[in-house]
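The values are calculated or read from the model by the stated rules, or taken from the named source; none is laboratory data. Everything quoted here is computed from the prediction, not taken from an experiment. Here the Cβ positions follow ideal geometry from the backbone for every residue, glycine too, while neighbour counts run over all protein chains shown. All accessible areas refer to the heavy atoms of the entire protein, side chains included, with ligands and DNA or RNA removed. Shrake-Rupley method; radii C 1.70, N 1.55, O 1.52, S 1.80 Å.
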Amino acid sequence: MKAKLMWLVLAMGCIFSVQAQQITQTIRGTVVDSESKFPLPGVNVVVLDNAGGVLKGAVTDIDGKFRIEEIPVGRQKMRFTFIGFNQVILNNIIVNSAKEVVLDVEMEESVTQLEGVEVTATRSGEVSNEMATVSARQFSVDETDRYAGSRGDPSRMASNFAGVQGANDSRNDIVIRGNSPSGVLWQLEGIPLFNPNHFNIPGTAGGSVNIINNKVLANSDFYTGAFPAEFGNALAGVFDLKYRNGNNQRRESSVQFGLLGLELSSEGPINASKGSSYVGTFRYSTLVAFDFLGIDVGTDAIPEYSDLNFKMNFPQENGGSLSLWGVGGASTIDLILSDRAPDQSTLYGDNNRDQYFTTNMGTMGLTYTKPIDPSTFAKFTVAAARERIVGYHELIELHPEVRTNQEECLPGSPSDTCWVLDSLPEVLDYVFQTWKTSWHGMYYKKINNRNTINAGLQGDIFWWNFFDSARVLNPNSDQYLEYITRWDAQRMGALVQPYVQWKHKFNDKASLNVGVHAQYFSQGNQFSFFEPRAGFKYQIDNTSSLSLGVGVHSQAQQAYLYFYSDSVNSNGDLVEYNNDMELSYSSHFVAGYDKILASNTRLKAEVYYQYLWGIPVEVRSSSYSLANQGSGFSRFFPNDLVNEGTARNYGVELTIEKFFSSGFFFLATGSLFDSKYTGSDGVLYNTDFNGNYAANLLAAYERKISKNGTASLGTNLTVAGGRRYGPVDTLASLDLGDVIFTSEGRNTLSFAPYFRPDLRLNFKFNRPLTTHEIAFDLVNFIGYENILGLTFVDDPVQPIQIVNQLGFFPIFYYKVDF
């Protein structure tokens, strides 16, 4: 495998030749008021040189637009100043030869209306939402690419932030402050998304690969607690994603291929005279290359997936715009084990059956934005979406024989035993499908330079179609019973979420955000009338600030759980005993301290406490709780549940970050936390996600290797507490064919600590009109075997065995922009 990778490196190295001349590019964009979104004419825009002097500059026109030409390729720093507004500094703007840099910049009006007074607001990592004060961070496309091990995935990138952990190397579920991954909200252009991941499982918010392509994303926000009132139906965190507009003056394209497949992207004008534009990406991926290189990905089945992301923007009169956007993805994998002798080689399913699994999702939306006047802004979005998940299983029935003619045996049979396939009876068939229409209307009013009000209404109408039938094992024999139906629901539901929030600036040092969110879910007629949110921020001096955040948040249960049944009534109808489940709630309390240690280095510390209630637990006394669900490749099959469970999380987080300067950056994060819950038995247990500690160290060094070329080397070291588990009920596990834990002592044990080192090597060469990039992402480059958990295998001597996560996982790609 190493030899094959070396040949790839040498072959790609032949592409590049060093250019001696200096290559330049254009930086242009638009500057608007951060609150009213109204264009700002007369803003002074400059590109700074390494010494802080002005390299080149421009002034925005009446539409807030600027253009600066002949800027050298590489990393650039820009400054935006306007009397009466806080100064904005943008660091590490990457200028390449193939594509213009198009910026959308927002400036906040200062409370101090004295001519010549400017308050600096350095934007690196600062969230763009003016209503957020704590536990929020903006991330860029560059970060999703630059972080070693992130693979261009927003979820995997976010797992490097304080208080955030990955739950499984083979998936991108994230655990935020000990909460279930299913408590994370994915929102695009103000519209909640179905799970935007390939190979996703019902009831989860993650999957193997994210469908959202980072090449279409604008800078977006990520929240880990006490989020503003505009976000609802989430207990743990929020990804607030935005698509960027395409270049409306010139056409630009990109081709990328590598071990994960092929990716095409393009952007350009639709009508250059009217300023309309498009941007889109298509990706097709298959892991057949890993089979060629002999890399173990946990199964020898070849997963395939494809996805599409796009946005078309049409400027309207008087600063308005109309945009059509969409995202969609499809994935499939066939785990076939009946063509070989039995082994335990797959990470992704049971080892006694053939499994066929398909998922797809798509959302398309239309957004209209309009700055009504210099102090008022309105936005309205409508969207339609569909999600479909299909699973089909066949049981592998075979027997061993002693034969001399090995050709009649299944491949892989040992020399003294011949495994023979008898039959493949169907044991599972399910289709979970949901259609949805959504809308989100928002009104933003800047009353004066101290007060701003934002109100909105978000709604979703669902059409659910859940069907599942399975054959279960007779506990008194080895025979499978007839099919039983566990889901057969065709229902309709609605989720409505109004909110209002107000921001008051006492002065340029102190501000207060107050808001209220409400929620109505028609399934079970569930209301949450009053969810208060508040945040306060005080700037102690030019280098430090204090912040506080509190809020009450609610979330409906995963839709398919309401309609599960394992019994019928006298009329033969399914008894859906969880139909009346209620909302779950969480109160968040966060305090933060932010300190600028140097011009490009900061320290951030937060302490938090969360109390959750209304968590579904079993009616009978047990340790079961939905607080532990939301990750992995299995659905939930709940017994009769009631909203009487509780949970609590508390911890402290520390971040030390050096933004990219002088050729390198680092991000060091650490968290100490405790996450516990109570089941219906009233006992306080560790949650499945209570690792107690986690730490990450990200670092990268970038060096010029020619006038227009750079090389960078980055690393990511992750350490976390081991996964929780408890004593296994061996007899119950043998009866049910699955790992069954005892309630007594649940999650009192833990596996060895998690450790993963990643390495990233990147080369970039700018040539006239093209940019070439080659990257190697070596995930877990030392091949350390972390423990995934326990699994049940058909072995009477040792039915419960440890399953390890993926080891060394190299990713390579070559990209050319033109």
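Here are the numbers:
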{"quantity": "Qualifying residue in the stretch 601-613 (condition: among the β-branched types (Val, Ile, Thr) and either modelled with pLDDT of 95 or more or buried (at least 21 other Cβ atoms within 10 Å of the Cβ) (or both))", "calculated": "yes"}
{"quantity": "Complete set of residues in the stretch 565-584 that are open to solvent by less than 20 Å² (accessible area, probe 1.4 Å) and assigned to a loop (DSSP other than H, G, I, E, B)", "calculated": "Ser565, Asn578, Met581, Leu583"}
{"quantity": "Total residues in the stretch 646-663, condition aromatic (Phe, Trp, Tyr) and open to solvent by 30 Å² or more (accessible area, probe 1.4 Å)", "calculated": "2"}
{"quantity": "Count of the stretch 585-600 residues which are open to solvent by less than 50 Å² (accessible area, probe 1.4 Å) and either at pLDDT 90 or above or closer than 30 Å to Asn643 by Cβ (or both)", "calculated": "8"}
{"quantity": "Residue within the stretch 626-635 that is of a type in the set (Phe, Trp, Tyr) and touching a strand residue (DSSP E or B) at 6+ places or on another chain (Cβ under 7 Å) present", "calculated": "no"}
{"quantity": "Neighbours by Cβ (under 6 Å, 6+ apart or cross-chain): first from the stretch 463-491, open to solvent by 90 Å² or more (accessible area, probe 1.4 Å); second at pLDDT below 75", "calculated": "Pro475/Asp735"}
{"quantity": "Test result for Asn245, on the phi > 0 side of the Ramachandran plot and either open to solvent by 30 Å² or more (accessible area, probe 1.4 Å) or part of a strand (DSSP E or B) (or both)", "calculated": "no"}
{"quantity": "Qualifying residue in the stretch 442-460 (condition: under 27 Å from Pro371 (Cβ atoms), of a type in the set (Ser, Thr, Tyr) and surrounded by fewer than 18 Cβ atoms within 10 Å (Cβ to Cβ))", "calculated": "yes"}
{"quantity": "Selection count where residues are touching a helix residue (DSSP H, G or I) at 6+ places or on another chain (Cβ under 7 Å), at pLDDT below 90 and over 22 Å from Leu717 (Cα atoms), scope the stretch 767-814", "calculated": "3"}
{"quantity": "Any hit, the stretch 143-154, residues being buried (at least 16 other Cβ atoms within 10 Å of the Cβ), in a helix (DSSP H, G or I) and modelled with pLDDT of 85 or more", "calculated": "yes"}
{"quantity": "Boolean, Ala234 is buried (at least 22 other Cβ atoms within 10 Å of the Cβ) and under 24 Å from Asn160 (Cα atoms)", "calculated": "yes"}
{"quantity": "Among the residues listed as Leu684, Leu717, the single one being free of Cβ contacts under 8 Å to residues at least 12 places away in the same chain, within 28 Å of Val652 (Cα to Cα) and open to solvent by 30 Å² or more (accessible area, probe 1.4 Å)", "calculated": "Leu684"}
{"quantity": "Any hit, the stretch 163-185, residues being open to solvent by less than 20 Å² (accessible area, probe 1.4 Å), closer than 12 Å to Leu667 by Cβ and in contact with a Leu (Cβ under 9 Å, 6 or more places away or on another chain)", "calculated": "no"}
{"quantity": "Long-range neighbours under 8 Å by Cβ, at least six apart or interchain, first residue within 12 Å of Ala518 (Cα to Cα) within the stretch 222-244, second modelled with pLDDT of 95 or more and among the hydroxyl-bearing types (Ser, Thr, Tyr)", "calculated": "Ala229/Tyr499; Glu230/Tyr499; Phe231/Tyr223; Gly232/Tyr499; Gly232/Ser554; Asn233/Ser554"}
{"quantity": "Scope the stretch 27-57; condition part of a strand (DSSP E or B) and either open to solvent by 20 Å² or more (accessible area, probe 1.4 Å) or of a type outside the set (A, V, I, L, M, F, W, C) (or both); matching residues", "calculated": "Arg28, Gly29, Thr30, Val32, Asp33, Pro39, Asn44, Val54, Leu55, Lys56, Gly57"}
{"quantity": "Answer residue from the stretch 365-378, given it is at pLDDT 95 or above and open to solvent by 70 Å² or more (accessible area, probe 1.4 Å) and is nearest to Phe467 (Cα to Cα) among those", "calculated": "Leu366"}
{"quantity": "Positions within the stretch 192-208 being in a strand (DSSP E or B) and crowded, with 24+ Cβ neighbours inside 10 Å, in sequence order", "calculated": "Asn197, His198"}
{"quantity": "Subset of the stretch 379-402 [open to solvent by 30 Å² or more (accessible area, probe 1.4 Å), hydrophobic (A, V, I, L, M, F, W, C) and in contact (Cβ under 8 Å) with a residue 24 or more places away in the chain]", "calculated": "Phe380, Val382, Ala384, Val390, Leu398"}
{"quantity": "Filter result for Ser622 (surrounded by fewer than 22 Cβ atoms within 10 Å (Cβ to Cβ) and part of a loop (DSSP other than H, G, I, E, B))", "calculated": "yes"}
{"quantity": "Selection count where residues are assigned to a loop (DSSP other than H, G, I, E, B) and touching a Leu at 6+ places or on another chain (Cβ under 8 Å), scope the stretch 420-471", "calculated": "2"}
{"quantity": "Residues of the stretch 373-419 satisfying the condition of being among the small types (Gly, Ala, Ser) and either within 29 Å of Leu322 (Cβ to Cβ) or in contact with a Gly (Cβ under 8 Å, 6 or more places away or on another chain) (or both)", "calculated": "Ser375, Ala378, Ala383, Ala384, Ala385"}
